[in-house]
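Reading through the structure tokens given below for one structure.
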Amino acid sequence: MRKKRFLTLTDLLVGSFLLLVCLFFVYRVKVGLNYNWAWDSIPQFIFRFDKENNEWVSGILMTGFYTTIRLSFWGIILATVFGVISGIAKTSSILFLRWLATTYVETMRNLPPLVIIFIAYFFVGDQLLAPLGIDDWAETFSPASQNILAIVFAKPGYLTSFFAALMTLAIFEGAYITEIVRAGIESIDKGQWEASHALGLTWYQQMRHIILPQTFQRIMPPMAGQFISLIKDSSIVSVISIQELCFQGIELMTSTLHTIEIWTVVTLMYLALTLPCSLLVERLETRLNLSLR
Amino acid sequence: MTEKKFGDYIINVDNICKTFPNGVKALCNFSTNIRRAEVVVVIGPSGSGKSTFLRCLNGLEEIDSGSIIFDGIPLDDDKNNRLKIRREMGMVFQSFNLFPHMTVLENVTLAQQLVRKSSASVAKSVSMELLEKVGIEDKVASYPAQLSGGQQQRVAIARALALKPKVMLFDEATSALDPEMIGEVLDVMKTLANEGMTMICVTHELGFAREVSDWVIFMDEGRIIEGGTAEHFFSDPKEERTKGFLNQIL
């Protein structure tokens with residue numbers, strides 16, 4: 001079926017209704033809301049000019065934005081690794097591996113993320129990562145490498161909690177990616193296994209050259225969708241005091257009370273991360289449809 | 001046609017049985033021997049176990065009992081034996097099963113590089129030779145989806161030949177093809193037969209069976225009902241069931 005390109009009467013009616021709703025909203029803000037607008041105080045939270053050092057530095061919201069990007073970037077990589085490994089395990093012929101992967105997925109999918117975050121943070125962070133002494137070890141680095149470390153992960157002193165949050169996020173999202181990968185592998189035609197079997201390929205060669213390349217091609221759109229989820233879900237780690245975008249927003253809100261302005265900026269910053277991903281998904285889907293035709 | 005010289009037995013199938021998990025008996029006390037350079041055609045009604053027999057030979061299906069010995073190697077639980085046997089047998093499927101994410105050339109070179117450890121250049125020249133033989137040399141950079149069914153099946157034959165197998169298995173290689181494309185695939189199979197390739201073909205093409213086969217096996221309900229040279233088999237079948245089957249489709 002071809003999609004319509006022109007507005008119909010229904011479109012106009014729905015459109016004007018939405019316009020009315022918006023106008024009412026603006027009217028309420030103007031008349032009913034007793035709010036002290038302070039848009040001019042917002043830019044300093046994004047970038048501000050440091051007079052002492054005579055240079056522009058990132059404001060509180062911007063540093064939170066960076067942390068969100070770092071969390072999302074490493075989270076996407078780690079979650080993909082976890083998801084692919086356990087997705088393959090789920091399709092394995094070895095019962096034990098299937099059990100292991102199923103337990104992992106079902107645990108993660110049937111618990112609220114907040115609960116997982118708290119358990120993982122206090123267990124992984126306090127019991128597993130803290131004794132490793134990553135932060136103390138990082139303190140001994142040269143200032144240059146400490147700088148690099150701060151750009152790539154987090155400043156020394158924040159490393160343990162950053163890694164704990166990162167691991168939690170990746171383990172949590174990895175469970176969903178597991179299911180995507182499993183469904184992808186199972187969607188590959190049986191004939192592909194048989195043909196590569198008949199050629200005498202080993203299991204590893206089959207996976208590496210025949211099954212996984214086709215799987216990845218197929219699961220790209222749902223994977224990209226999951227990555228968007230991951231970016232959004234990274235806001236959860238604000239509850240364990242990771243200073244990402246949401247955490248900074250909450251801090252600023254409580255100290256300045258410029259609620260609407262701050263959350264508008266935060267909204268735009270999240271959109272700046274997720275919208276390009278969404279567009280990418282759409283692109284990928286069209287391309288996939290073309291190549292499968 | 002000059003009399004063909006057969007070698008010793010290359011495949012010994014002794015008393016194999018195969019029952020599927022759903023209780024269907026696909027093969028029952030099935031025994032046969034196949035000589036080098038022999039072209040064996042297996043015919044029979046659908047569900048008679050023809051394809052299962054073929055798939056047992058290279059271990060795509062597990063046999064419940066009996067034994068299969070290929071060129072001195074027993075097809076048993078030993079993984080290495082299985083790999084060895086598969087690498088000496090080429091298989092062509094009804095639904096082609098080309099790798100859709102690879103070009104025609106890559107489809108043919110892949111196993112040579114992975115299994116035979118051939119260098120890229122050697123693998124490529126071997127592949128080009130094979131693709132020329134099956135008449136696809138001008139489509140080497142295409143993807144399978146861009147080819148017709150007949151062309152895909154010819155690529156699949158080239159892919160199976162790339163490992164220089166001792167035996168070729170054809171599992172209803174022409175059944176999924178449009179009528180006008182069956183000929184081109186059968187021609188390739190005939191050429192192979194004339195070159196002395198050992199072939200086991202499950203097919204419904206009786207013309208092909210009559211023309212090229214050295215031995216015809218008629219199967220029903222998982223058993224060999226009758227076997228014979230093409231000449232005897234088609235002109236003078238012994239069993240009632242064979243007669244009935246031949247009458248139905250001739």
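The values are calculated or read from the model by the stated rules, or taken from the named source; none is laboratory data. Computed from a prediction, not measured in an experiment: that's the story for all the values here. Cβ placement follows ideal geometry from the backbone for every residue including glycine, while neighbour counts extend to all protein chains displayed. Calculation scope for accessible area: heavy atoms of the full protein, side chains included, ligands and nucleic acids excluded. Shrake-Rupley method; radii C 1.70, N 1.55, O 1.52, S 1.80 Å.
Looking only at residues of the range B:115-125 that are open to solvent by 30 Å² or more (accessible area, probe 1.4 Å) and hydrophobic (A, V, I, L, M, F, W, C), we find that the one that is farthest from the other protein chains (Cβ to nearest Cβ) is B:Val122.
Residues that are buried (at least 19 other Cβ atoms within 10 Å of the Cβ) and within 14 Å of chain A (Cβ to nearest Cβ): which strands (runs of 3 or more DSSP E) entirely in the range B:5-101 hold 2 or more of them? Walk me through how you get there before you give the answer.
On the way: elements: B:9-19, B:25-35, B:39-43, B:65-70, B:89-92.
Of the strands (runs of 3 or more DSSP E) lying wholly inside the range B:5-101, those with at least 2 residues that are buried (at least 19 other Cβ atoms within 10 Å of the Cβ) and within 14 Å of chain A (Cβ to nearest Cβ) span B:89-92.
Counting only residues that are of a type in the set (Val, Ile, Thr) and touching a Leu at 6+ places or on another chain (Cβ under 7 Å), which one in the range A:116-160 is surrounded by the most Cβ atoms within 10 Å (Cβ to Cβ)?
Initial filter on the range A:116-160 (of a type in the set (Val, Ile, Thr)): A:116-117, A:119, A:124, A:134, A:140, A:148, A:151-152, A:160.
Next, only the ones that are touching a Leu at 6+ places or on another chain (Cβ under 7 Å) stay: A:134, A:160.
Numbers: A:Ile134: 16, A:Thr160: 23.
It comes out as A:Thr160.
Look at A:Ile171 and say whether it is among the β-branched types (Val, Ile, Thr), within 14 Å of chain B (Cβ to nearest Cβ) and surrounded by 18 or more Cβ atoms within 10 Å (Cβ to Cβ). Here the answer is no, as A:Ile171 does not meet what is asked.
The selection criterion, being part of a loop (DSSP other than H, G, I, E, B) and free of Cβ contacts under 8 Å to residues at least 12 places away in the same chain, does not hold for A:Arg48.
Being surrounded by fewer than 18 Cβ atoms within 10 Å (Cβ to Cβ), over 21 Å from the mean Cα position of the chain (by Cα) and more than 11 Å from every other protein chain (Cβ to nearest Cβ): is that true of B:Ser175 here?
no
On the stretch given as the range A:114-168, residues that are in contact with a helix residue (DSSP H, G or I) (Cβ under 9 Å, 6 or more places away or on another chain) and either outside any helix (DSSP H, G or I) or among the acidic types (Asp, Glu) (or both) total 11.
Condition check ((1) in contact with a His (Cβ under 8 Å, 6 or more places away or on another chain); (2) modelled with pLDDT of 90 or more; (3) of a type in the set (Val, Ile, Thr)) across all residues:
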position	(1), (2), (3)
B:Arg35	no, yes, no
B:Val41	no, yes, yes
B:Phe53	no, yes, no
B:Lys79	no, no, no
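Name the residue, out of A:Val105, A:Val14, that is surrounded by 11 or more Cβ atoms within 10 Å (Cβ to Cβ) and either touching a strand residue (DSSP E or B) at 6+ places or on another chain (Cβ under 8 Å) or in contact (Cβ under 8 Å) with a residue 60 or more places away in the chain (or both). Step through it out loud before you land on a result.
Values: A:Val14 fails: either touching a strand residue (DSSP E or B) at 6+ places or on another chain (Cβ under 8 Å) or in contact (Cβ under 8 Å) with a residue 60 or more places away in the chain (or both).
One residue alone meets the criteria, A:Val105.
Against the numbered list (1) open to solvent by 20 Å² or more (accessible area, probe 1.4 Å); (2) under 29 Å from B:Asp14 (Cβ atoms), B:Asn247 comes up short only at (2).
Against the test of being within 12 Å of chain A (Cβ to nearest Cβ), open to solvent by 10 Å² or more (accessible area, probe 1.4 Å) and in a helix (DSSP H, G or I), the options B:Leu130, B:Leu110 yield a single qualifying residue, B:Leu110. Within the range B:187-202, the only residue that satisfies the criterion of being among the charged types (D, E, K, R) and either more than 16 Å from B:Val155 (Cα to Cα) or open to solvent by less than 10 Å² (accessible area, probe 1.4 Å) (or both) is B:Glu195.
Filter the range B:138-151 for residues that are part of a helix (DSSP H, G or I) and within 12 Å of chain A (Cβ to nearest Cβ); which is nearest to B:Glu88 (Cα to Cα)?
Keep residues of the range B:138-151 that are part of a helix (DSSP H, G or I), which gives B:138-139, B:144-146, B:149-151.
Next, from what is left, pick out any that are within 12 Å of chain A (Cβ to nearest Cβ): B:144-146.
Values: B:Pro144: 25, B:Ala145: 28, B:Gln146: 30 Å.
Result: B:Pro144.
Within the range B:204-235, can you find the residues that are open to solvent by less than 80 Å² (accessible area, probe 1.4 Å) and out of contact with any Lys or Arg (no Cβ under 9 Å at 6 or more places or on another chain)? Can you show your working first?
Of the residues in the range B:204-235, the ones open to solvent by less than 80 Å² (accessible area, probe 1.4 Å) are B:205-209, B:212-214, B:216-220, B:222, B:224-230, B:233-234.
B:Glu205, B:Leu206, B:Gly207, B:Ala209, B:Ser213, B:Ile224, B:Gly227, B:Thr229 - these are the residues of the range B:204-235 that are open to solvent by less than 80 Å² (accessible area, probe 1.4 Å) and out of contact with any Lys or Arg (no Cβ under 9 Å at 6 or more places or on another chain).
Any residue that is surrounded by 23 or more Cβ atoms within 10 Å (Cβ to Cβ), among the aliphatic types (A, V, I, L, M) and at the interface with chain B (Cβ under 10 Å from one of its Cβ atoms) - is there at least one of those in the range A:179-195? So far as the range A:179-195 goes, yes, one or more of its residues are surrounded by 23 or more Cβ atoms within 10 Å (Cβ to Cβ), among the aliphatic types (A, V, I, L, M) and at the interface with chain B (Cβ under 10 Å from one of its Cβ atoms). Among the conditions (1) open to solvent by 80 Å² or more (accessible area, probe 1.4 Å); (2) over 26 Å from the mean Cα position of the chain (by Cα), the only one that A:Leu97 does not satisfy is (1).
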